[in-house]
Structure formats: C-alpha cells, structure tokens
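Worksheet: the structure to be examined is printed underneath.
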Ligand code: HEM
C-alpha cells in the first residue's frame, strides 16, 4: 500500500534530523557552565546550530500543515468522538498485553486508516499541540523583546523558557516511544522501510 507520499517522506526526514540537532544543541546549552565548558557542543556553536535547525524546522512545519490541508494525507489526522476512548483502550490493551500473546492488530492498516487510534492521538498531540507551543515559545526566546514582561508577577521570559523546555522534553519522550512503536509492524524494520520507500508492508504480505 502506497501510504507515504514523497512530500511527507521529505518532511519527515528533515523533521527528524532537525529535532535531533535541536535536542543535542538544546541540552548542550542547558548544561553549559559560566566558563563555557564544551559538553557535546560548545555554547556559541550550540546557539548557532540551534537557531539554524529551529528555522529549518519551522519552515518544514509549514510544509507539514499546508501539505495536510491541501492533500489527502490530512484525512488520516481527522478524528471523531465516536468510540474515541474505547478505541484508545483497545489499542492500549493490544500494546500492553495482546501483542505479547501473538494477537492480531485490532486496527490493521488500510488505505482509509493509516494510523491506529493511539498513533493518531499521539501524532495529533505532537504535531498540532506540542510543536506549535515549542515553535511559539522558541520564537519568544529568539526575540525576547516581543515577550510580555511579567505575567502575574512572574517574568514572562522565564515562563516562555519553561514552556519551551517542557515541550522539548515531551517531544523527546514522544520520539523515543515513537521509534519503539515503529518497530511493531509486520517485521521490526517494516515501518521504517515504509517511511523511506513510501510503501506500507502489512502483516499478510
Ligand atoms: C529518528 C527519528 C524518527 C524515526 C526513526 C521515525 C520513524 C517513523 C516511521 C517508521 C514512521 C512510519 C510509521 C507511521 O506512520 O507511524 C513515522 C511516521 C511519522 N513520524 Fe516519525 N520518526 C522519527 C522522528 C519523528 C519526530 C521527531 C516526529 C515529530 C515530532 C515524528 C512524527 C511522525 C509523524 C507525524 C508520522 C506520520 C506521518 C504521516 O504519514 O502523515 N517522527 N516515523
């Protein structure tokens, strides 16, 4: 099944590479000390690379949102309230018990359903909640003069910073879990091949 059009594959590889650069340079900045000791990357270099990767990530994010608005891929992210919690529970039960007993996927991939309910939910949270908050707070830190000075007596810049590192942390955790769940296809490598070649390999093939 051809499920990953070229533009989403290009978006995905750039996104993954930029997020990795942002994690490494972000941690380097966070754990640097006043002597500018080099952790993974020296402070000045980390700032330069972090800003560069952030700008590429933002442009790429615009590609993701526009692509999903203008092409059929967007329909995979649409969700309905009907059986929402029930479906999440069924999928969670499969991940926590069923798959270890060799049960079949409760929501097999079809042309109409690329993502299982948990996958869809986490992709929506990552792409339409965490990423916008990460980007907006990042722009606030890049251009501090646009940030409100104080909110209820607390520095706006500190609140922006807390929001930014929290979203960065949550997206890093998302990525670890995402990579793990991507090993749960027909074979451990099937889904990775899918996002590179565009073709999903289902269990029957
Ligand atoms: C090295 C890091 C990464 C690897 C190896 C990886 C791997 C994969 C694989 C194998 C798929 C296809 C299976 C599927 O549709 O679920 C996929 C899809 C996807 N990944 Fe990743 N991923 C990485 C990083 C990320 C990051 C950082 C994000 C978001 C912040 C992300 C968001 C997505 C989304 C939204 C899809 C679905 C795209 C679509 O078909 O519409 N991935 N990823």
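One table, with the values for the structure above:
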| read-out | value |
| --- | --- |
| Distance between modelled label sites at residue 176 and residue 139, nm, 7 Å Cα→Cβ extension | 3.1 |
| Between 0 and 90°, nearest 10: helix 156-181 axis offset from the chain longest Cα axis | 30 |
| Translational D in µm²/s for the range 6-197 (Stokes-Einstein at 4 °C, 1.567 mPa s, Kirkwood Rh from C-alpha pairs) | 69 |
| Cα gyration tensor, the range 132-205 - rounded (a/c under 1.5), prolate or oblate | prolate |
| In range of the label at residue 6: residues from the range 177-205 whose backbone nitrogen is under 18 Å from the point 7 Å along Cα→Cβ | 194-200 |
| Compactness relative to 2.2 N^0.38 Å, alpha carbon Rg of the range 146-188 | 1.89 |
| Degrees, to the nearest 10: 43-70 long Cα axis against longest axis of the chain | 40 |
| Gain on full stretching of the segment that runs from residue 158 to residue 121 - 0.36 nm per residue minus C-alpha separation | 10.3 nm |
| Förster radius 22 Å - calculated FRET efficiency between residue 129 and residue 70 (Cβ-Cβ, nearest 0.05) | 0.55 |
| Relative contact order computed over the chain (Cα-Cα under 8 Å; 6+ residues apart), in percent | 23 |
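Values in this text are rule-based calculations from the coordinates and carry no lab data. Here the structure is a predicted model, which means the values were calculated and not measured. Using ideal geometry, Cβ is built from the backbone for each residue, glycine included, and neighbour counts are taken over all protein chains shown.
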